[in-house]
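Here's the structure, in structure tokens; my notes come after.
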Amino acid sequence: MDGYDGCILGIVERCGQEPFYVYDTDLVIENLMSQGMTEEAAIEFHEYNQAGAWLGEGTPGFLRAYTED
């Protein structure tokens, strides 16, 4: 994703599949907010246009830190 290099956590590799980038969801949303979006708009945009998009084998993944409640 152009403009989101600072949000990359790493590359996921799985047997028999092409590697793909994984992004920090919270950093992606912060990036969108830094472009003038409200938090609500940034979350909606991310869920629909980024996390909800299929771009073929190289489709990026998104990770949220696991916290035990």
Of the residues in region 49-66 that are closer than 23 Å to Gly16 by Cβ and touching a residue at least 12 places away in the same chain (Cβ under 8 Å), the one that is nearest to the chain's Cα centre (by Cα) is Phe62
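State all residues of region 1-54 that are β-branched (Val, Ile, Thr) and farther than 18 Å from Ala65 by Cα; if no residue qualifies, say none. Walk me through it before giving the result.
Start the filter on region 1-54 by keeping residues that are β-branched (Val, Ile, Thr), which leaves 8, 11-12, 22, 25, 28-29, 38, 43.
Once the filter is applied, which keeps residues that are β-branched (Val, Ile, Thr) and farther than 18 Å from Ala65 by Cα, region 1-54 yields only Thr38.
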Name the residue, out of Gly16, Gly52, that is among the small types (Gly, Ala, Ser) and modelled with pLDDT under 95.
Gly16
Filter region 10-28 for residues that are open to solvent by 70 Å² or more (accessible area, probe 1.4 Å) and outside any loop (DSSP other than H, G, I, E, B); which is nearest to Thr59 (Cα to Cα)?
Tyr21
Restricting to region 29-62, count the residues that are open to solvent by less than 70 Å² (accessible area, probe 1.4 Å) and either part of a helix (DSSP H, G or I) or touching a His at 6+ places or on another chain (Cβ under 6 Å) (or both).
8
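Only one of these is of a type in the set (Asp, Glu), at pLDDT below 95 and more than 19 Å from Ile8 (Cβ to Cβ): Glu39, Glu44, Glu68. Name it.
Numbers: Glu39 fails: at pLDDT below 95; Glu44 fails: at pLDDT below 95.
It is Glu68.
The values are calculated or read from the model by the stated rules, or taken from the named source; none is laboratory data. The structure displayed is predicted, hence computed values, not measured ones. We place every Cβ from the backbone using ideal geometry, glycine too, and count neighbours over all the protein chains shown. Note: areas computed on protein heavy atoms with side chains; ligands, DNA, RNA excluded. Shrake-Rupley method; radii C 1.70, N 1.55, O 1.52, S 1.80 Å.
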